[in-house]
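What follows is calculated from the coordinates using simple rules that are stated; it is not laboratory data. Being a predicted model, the structure only gives us computed values, none of them experimental. Here the Cβ positions follow ideal geometry from the backbone for every residue, glycine too, while neighbour counts run over all protein chains shown.
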Amino acid sequence: MHLAPSRRLVLANTWFMGLGALLATQSGCLGLLSNFMHTIGADRIPAEYVGLEDCKVAIVTLTDSSQYSDDIVARSLTRQLGDQLRGKVDDMVLIRDDKVQQYRDRNGYDALDFASIGQGVGADKVVGIEVSDFKLREGATLFRGRASVRLTVTDVETDVILFAKDIDEYTYPRTAGQYTSETSESRFRKLYLEMLAAQIARTFHPYDFHETVALDGAIASQ
């Protein structure tokens, strides 16, 4: 007897739930249940948007400066986000960031929308990142990054926004900072944009919540 995929999924979920309930009722089995849930990925936080799978995707980052010319923050965040998404989104083909950059160089920076850029570089969808209020310093002697992000996914063929999300005042580190005497601005900027890119990327792939708990510890390795 052959079962439809949806029926097989229901049966599998029922089996997992039943096994989980059995383990939870047995003394000393909570640790085993936790390990089991981790093994099958049931303890992972799901992606908010999964529509990048099986698509050719371009990432376009805009800052106050990059709307009119090339900008190191826009370039770095685009590259960092691409690195974060590779291998984590099934069958996604990422358009090279230098191809997007060359298209914008040829066609201008201030007159193109996301769908036009996507069409120009052969993408199916464009992940648009609009960065505002970007700062790396808190006072004269402390590095502490802050930015707000408007995140969209645009369908190139229809020019329809399929997904939108605001990340307001993303701050890193959350509870402290790094003195300017301990690192350079370029090194701290790279670290901050890496953390911001990871925050954005988690919109598009499942992740383990525990991975986000000790992020401030990355400062210690700088």
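Structure notes:
- Given charges at Cβ of Lys, Arg, Asp, Glu: the stretch 89-192 dipole, positive-most of 158, 172, 115: 172
- Burial ranking of peptide ranges 142-148, 45-51 (average Cβ count within 10 Å, highest at the top): 142-148, 45-51
- From phi via Karplus (6.51, -1.76, 1.60), per-residue ³J(HN,Hα) for the stretch 145-161 in Hz, x at Gly/Pro: x, 8, 6, 10, 10, 9, 10, 9, 10, 10, 7, 5, 5, 9, 6, 9, 7
- In this structure, residue 102 and residue 209 have a Cβ-Cβ separation that, at R0 = 30 Å, corresponds to a calculated FRET efficiency of about 0.15.
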